[in-house]
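Remarks on the structure that follows.
Bear in mind these aren't lab numbers, they're just calculated from the coordinates by the rules spelled out. As the structure is a computational prediction, the values presented were derived from the model and not from experiment. Every residue, glycine as well, gets a Cβ built from its backbone with ideal geometry; the counts of neighbours run over all protein chains shown.
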Amino acid sequence: MEKIKVFIERTEEGKTLNLPAYQTEHSAGMDLYACLDKDKILEPGQITLVPTGIKIAIPDGYEAQIRPRSGLALKHGISLVNTPGTIDADYRGEIKIIMINHGSENFSIIHGERIAQMVFNPIVHGVFEETNQLEESLRGEGGFGHTGK
């Protein structure tokens, strides 16, 4: 398994939190924690921005994807609005999570609670070459639902 060095800085408020960590040896994502001065209630249908108390420097050629935690989604209907969210290698601000409550009950976000996960991925840049006509394919222009249910 490839490993990359990612520098991390805690905000003043984030110094009481654990650093992001893999929960098992084969976990793809590291858990991120809510960094709050007081608990926050997320009402059904509501969107909120939750700080994590960390800033990172990702090596060139990589990104970090921010993804929901499956347990929060299944048990409470909690997800992320832009999933996966992308953190670019040149971003140096605090990581903040855009959470949404798709459930039917209020959800309490508590300081130190695991709220999302972060996965590192290599990046490949595409280079466009303009053409007057694309090569044909079996699918052609078949779009959404073109293969049936």
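Worth a mention:
- If you go through the stretch 3-36 and pick out every residue that is assigned to a loop (DSSP other than H, G, I, E, B), touching a Phe, Trp or Tyr at 6+ places or on another chain (Cβ under 9 Å) and surrounded by 17 or more Cβ atoms within 10 Å (Cβ to Cβ), you end up with 3.
- Filtered residues of the stretch 92-127 (kept if assigned to a loop (DSSP other than H, G, I, E, B), touching a residue at least 24 places away in the same chain (Cβ under 8 Å) and either closer than 27 Å to residue 61 by Cα or in contact with a His (Cβ under 8 Å, 6 or more places away or on another chain) (or both)): 92, 93, 103, 105, 123
- Taking the criterion of being without any contact (Cβ under 8 Å) to a residue 60 or more places away in the chain and surrounded by 15 or more Cβ atoms within 10 Å (Cβ to Cβ), the residues of the stretch 63-72 that qualify are 64, 65, 66, 67, 68, 69, 72.
- Scoring residue 69 on the criteria (1) within 18 Å of the chain's Cα centre (by Cα); (2) more than 26 Å from residue 107 (Cα to Cα) leaves a single failure, condition (2).
- Qualifying residue in the stretch 37-54 (condition: crowded, with 17+ Cβ neighbours inside 10 Å and in a loop (DSSP other than H, G, I, E, B)): no
- Any hit, the stretch 84-94, residues being out of contact with any helix residue (DSSP H, G or I) (no Cβ under 6 Å at 6 or more places or on another chain) and under 16 Å from residue 35 (Cα atoms): yes
- Filtering the stretch 121-140 for residues that are touching a Phe, Trp or Tyr at 6+ places or on another chain (Cβ under 9 Å) and closer than 23 Å to residue 16 by Cβ leaves an empty set.
- When the stretch 1-56 is filtered for residues that are farther than 19 Å from residue 78 by Cβ, β-branched (Val, Ile, Thr) and without any contact (Cβ under 8 Å) to a residue 60 or more places away in the chain, the ones remaining, listed by number, are 8, 24, 54, 56.
- Residue that is farthest from residue 59 (Cα to Cα) [pool: residues in the stretch 69-91 that are in contact with a His (Cβ under 8 Å, 6 or more places away or on another chain) and assigned to a strand (DSSP E or B)]: 78
- Residue within the stretch 128-141 that is within 30 Å of residue 44 (Cα to Cα) and part of a loop (DSSP other than H, G, I, E, B) present: no
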